[in-house]
Every structure is written in C-alpha cells, then in structure tokens.
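Enquirer: The structure under discussion is supplied below as structure tokens; questions concerning it will follow.
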Amino acid sequence: MRCSNPNGNKFAHAVSGHGTIGAHPMVSARRSPIKCLVSVQGIGRAGVRNAAGSELAVGMKQRTLQILYAYWDGLRAGRIAPLRLEIDPSRIGSILPEIFLLERMDAANFCYRLAGTRLCEMFGTELRGTNILDGWTATDRAVLARDLKLTCEQGAATLLTLEASADSARRVQLEAILLPLMHTNNMAGRVIGAMSAIASPHWLGHDHLLEKRLVRHELIWPDGRPHPDIESAGQQAPFLPASPPAGAATGDRRGFRVLDGGRKED
C-alpha cells in the first residue's frame, strides 16, 4: 500500500544549503551503548525488570542511532519533542543514508516522507510514500502501531530490533529508533528515525530484504516517565512551547526539501 503523495514520483532529499540525503559516507564505527530508562519487551514475554523492580537500562548499539538520539535530545531541551523545522540535516550529515522521516496520517498509516539511500538499497525499493506498518504480521503491526502512538502522544522514543531476510538462508538483524517531532498545531505529527544493520553481510544491498519480523521493542522515556504523567505532576506541559535554539533551522530553506531524482529501479 502506498500513501497519498502530493509530490508525485519525486524523491525527497534532506538539504541544508548543499548535499542530499544520500551524499554522505556511511558510518561503520561503533560507540559504547547509550543508557536510559526504558520499558523493555521481547515479543511474547513480559517487561524485563531488575531485582528492585525497576526497568532495566538497555542501550542503543548502533552509532547511527546514538548520534540521532543525542542530536534529537539536545534539540528537545526538556520539551516532549523538538520542532521539525529545528532539524538541520548538516548536523547529522554522516548518518543521512540511514535516516528516515515519517508523517502520521492516522493511527494505521505512518508514511515515509524521506528515506536514506542505504535503506532504499537494503529493501530494494523506493520507500517514500509507503507505510512503515506494511509488510509485518498482524501481531507485529499492532505492536508497532501502539508504540508509534506512544511516541507521538506521550513522547516515547521507540527502539526496535528486527530481523529481515532475503531468503531462508540470508538473514540480518537491524536496529531502529523512532523519535517524535512537533509539526503543526502543537502536535507531534512527524517521526524522525534511523535504521542500521547490526552486521553487514556481503550480500546486503545487492540481495534485497523481502520479509521482516519484530524481535524486540523498547520504549525509552527521555524524562523518566510519559509526558502526561509529567503534566499531571505539575512539572511541565506535554507540548511546552519554546523558541528554537540559537542557530536552529527556522524555515524550509535549511530544512527538508523535495528534489527531482532519487533511487532508480534496475
């Protein structure tokens, strides 16, 4: 299923004065995992807790995700999410091939507005205009839809581990993160994300990933709890208005734009 796309067959690139979403080298080095408070669920099991009953801190393993989360959290500055127009692609240029941007159409449709070249190569198709919830089992789709709802409405960062395969013998695990962005009417109608292969077998990008299944999903609460809980505790409103940080992109000129071109089918 393809989402409604007012820009036809054009491919969306991230532009900040120069360069495109696929114009930067891939990042292969890894850092130590980022740790933060999360609610953890493996498929078919309950949340993991330590001896004291608190949720365990589980880290992001892939450097692409660490860079995006740190950048997003810095822009957030205590709010539920930064503004979409605060995102400056030049600040995350090294990871753009693994970055994507989703638009929340409704509870069942989160459509790609942008997708990095590395992601399109791995899945062998132009992702822009498609629904990220398509292609999963009914169970996995329901889990992802619920997590995306919490991301957009309560400020959760969703951390995923998935397994994708080209055939029965060639499989690879990927790590992905989904982060809310404020768009219009003080609502989180956009989601910025990243997806990176945990290992890079020689065939990845040549033999396309056709099937996928969810292995693990974790909800990260950057402020330690869902934002509605923070609001009821009188600590802050869930969508706290704030001026963009100094130097942040304040218009489409330095934000995401649509250009002709993109991935060409063989």
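Enquirer: Please compute, for the alpha-carbon atoms of segment 116-163, the extent along each of the three principal axes and give them in descending order in Å.
Expert: Result, largest extent first: 32, 23, 21 Å.
Enquirer: Which of rounded, prolate, oblate describes segment 142-193, given a ≥ b ≥ c as roots of the alpha-carbon gyration tensor eigenvalues and a/c under 1.5 marking rounded, otherwise prolate only if a/b is larger than b/c?
Expert: prolate
Enquirer: Within the P(r) computed for segment 36-230, what percentage of the Cα pairs occupies the region above 21 Å?
Expert: Looking at segment 36-230, the distances longer than 21 Å represent 49 percent of pairs.
Enquirer: Something else about it: Put a dot 7 Å past each Cα toward the Cβ at VAL215 and ARG146; how far apart are the dots in nm?
Expert: It is 2.2 nm.
Enquirer: Here is a further query. Just how large is the dipole of segment 36-230 about the Cα centre, in debye to the nearest 20, putting +1 at every Lys and Arg Cβ and -1 at every Asp and Glu Cβ?
Expert: That gives segment 36-230 a dipole magnitude of about 200 debye.
Enquirer: By how many nm would the segment from ASP207 to THR184 grow when fully extended, if each residue of separation counts as 0.36 nm and the alpha-carbon distance is taken off?
Expert: 4.3 nm
Enquirer: Separate question: Take SER168 and THR139, extend 7 Å from each Cα along the Cα→Cβ direction, and tell me the distance between the two endpoints in nm.
Expert: Output for this residue pair reads 2.1 nm.
Enquirer: A further question follows. List the relative contact order of segment 126-175 as a percent without decimals, with contacts defined as Cα pairs under 8 Å and 6+ residues apart.
Expert: Result for segment 126-175 is 20 percent.
Enquirer: Additional query: Return a whole-number percent for the relative contact order of segment 36-230, with Cα pairs under 8 Å and 6 or more residues apart as the contact set.
Expert: Contact order relative to length: 27 percent.
Enquirer: Using the per-residue mean of other Cβ atoms lying within 10 Å as a proxy for protection, in what order, highest first, do the peptides 198-209, 87-98, 215-226 fall?
Expert: Result, highest mean first: 87-98, 215-226, 198-209.
Every number here is computed from the coordinates shown, using simple stated rules; none is lab data. What you are looking at is a predicted structure, and each value in this text was computed from that prediction instead of being measured. Here Cβ is always computed from backbone atoms with ideal geometry, including for glycine, and neighbour counts include all displayed protein chains.
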